[in-house]
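A short reminder: the numbers here are calculations on the coordinates, not readings from a lab. Values in this document were obtained by computation on a predicted structure and should not be read as measured data. Cβ sites come from the backbone with ideal geometry, for glycine too, and all protein chains shown count toward neighbours.
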């Protein structure tokens, strides 16, 4: 899922119909020469028609990046030699108010590309259409706050020439695989026979009405024609099914290989924000959620471009501390997966595999490492399963301490004697490990600390990783991670604020909360949405999805659906746990193109 990039933060405030921008807002855009061009029509006249001073009018400025869908009426591209930047950038607002040092509070641009007219010739595909993905790769276009590597303006585009791109042939990242005619021909023949028989049957039914019950005959004819039409719509796409395959080697050559403009070989893949939703630790065990998080953090994707967010709609401290334990265990699990190329990277699924774990393993220390990590995972499960008792004992201890403090204060005020009629009323709070109240739902719910009535929580549990790899070393108490990148992606815990009287118990609202949080922390242009009991079975799944998004024409793709399959139920798929008919049959026959709107519609 891609983020909307061409819309103002509130479309209803700046809507069409000839409405002016609200008072105090000025729209501008930067040019390649460094000037700022105003896009506001009435710069010196306020909403009442009177002349206003600059200080009264210019409260803040919205920087409008140049895109093919957002071109001003009078462009300065001819004067400045700029063709405009095109990409999934966010709007940046700059405050004209000055701080104590006299400087601007925010001075960050959302696009760092200064392109030239001769390069625009190379940014077009064979159909003479603007190729967004080639622009992204060849010009090193950046996305936004958090996941972008901010480069100097002097290093962008000035020392490039047309010869830099001519020796770089375009390779498709996806391809269509034809299904053999020996499989399709019998099916097509059978569908044709059914259509002929259905046509004879419907013609006979229409020519032979039942005059004694015309209304019943009419209703049956309408239903039969409708069912025939529905069956025909379902069968026709299957006459020419499409099977697509990704080319990960081409993706690697295009985005991960060093070049003259990228000598360090830093990955040019876009950022990815992974959203995981959970609501109740009693119905959704924290251990299952922790395994899902571990499979995400260990995915084969550029570490500095991957961010994970979990939304705990219940505000439970059990989920919070389970996620903290998962992040701690990921410090050894993630490097272990990279070192030995483990699949799948869900610990529970991996250790329950029935096949030989040593198959295709070449490192001599694999058996020793696997035995050590298996013991660590067993201890990790014990800690997760023991968290409810730990939290209750800790809360009971702190509550007893608070009661003693309150009792001592009362006795000091009464000369060392506790009045018999005085009742010590200390709330039975739920305590965190650092000795503070848990801001979410308490074990004994009270006002401001119950389901549907608690404060918002945002906690970054693993910091944003460094851009450069951090190699491990040999440790007697741990594994030998020499030459292995030990960084882990950023992970954040989110629990949106809830108050009585508001309908905010839906999953879409939780995703909106994660979108707002990720816009500040990572701002990944692509979003992967998972449930708490869904894990990534193939560590290359994200790169496979990027093959579709970053391929030619990928700017017209909005959603990619991964198959949802349930393991450990029935290998013959009698209960549709793999949903073979849908994913391997119907989906291959449908070519769905979903387009993203210019405005991001808020969901409740």
Part-to-part distance (alpha-carbon centres) for segment 458-534 and segment 381-428, which is given in Å: 35
Under 1.5 on a/c is rounded, so check that first for segment 197-290, then, if it is not, pick prolate when a/b is larger than b/c and oblate when it is not; a ≥ b ≥ c are the square roots of the alpha carbon gyration tensor eigenvalues. oblate
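If packing is taken as the average count of other Cβ atoms within 10 Å, what order do 225-235, 389-399 fall into, highest mean first?
Details: 225-235: 12.1, 389-399: 14.5.
Result, highest mean Cβ count within 10 Å first: 389-399, 225-235.
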Row for segment 415-512, column shape: gyration tensor on C-alpha, a ≥ b ≥ c, rounded if a/c < 1.5 i.e. under 1.5, prolate if a/b over b/c, else oblate; value oblate
Per 0.36 nm of contour for each residue apart, how much would the distance between residue 217 and residue 188 grow if the chain were fully extended, relative to their Cα-Cα spacing? 7.2 nm
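Under the √(5λ) rule applied to the eigenvalues of the Cα gyration tensor, what semi-axes describe the equivalent ellipsoid of segment 360-495? Give them in Å, descending.
Details: eigenvalues 439, 70, 44 Å².
Each semi-axis is √(5λ); the values are 47, 19, 15 Å.
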Under 20 Å by backbone N from the virtual spin label 7 Å along Cα-to-Cβ at residue 471, the residues of segment 316-355 are 332, 334-341
Quick note on 567, 412, ordering by fewest other C-beta atoms within 10 Å, gives 412, 567
Testing the spin-label approximation: label points 7 Å from Cα along Cα→Cβ at residue 562 and residue 502. State their distance in nm. 3.1
Would you order 284, 304 from fewest to most other beta-carbon atoms within 10 Å of each residue's own beta-carbon? 284, 304
Just to be sure I understand: if I project the alpha-carbon convex hull of segment 538-579 onto a plane and average over all orientations, what area do I get in nm²? 3.8
Of all the C-alpha pairs in segment 180-240, what % are more than 12 Å from each other? 73
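With the Cα gyration tensor of segment 436-585 giving a ≥ b ≥ c as the square roots of its eigenvalues, does the rule (a/c under 1.5 for rounded; else a/b larger than b/c for prolate; else oblate) give rounded, prolate or oblate?
Details: a/c = 1.57, a/b = 1.15, b/c = 1.36.
Cα axes put segment 436-585 in the oblate bin.
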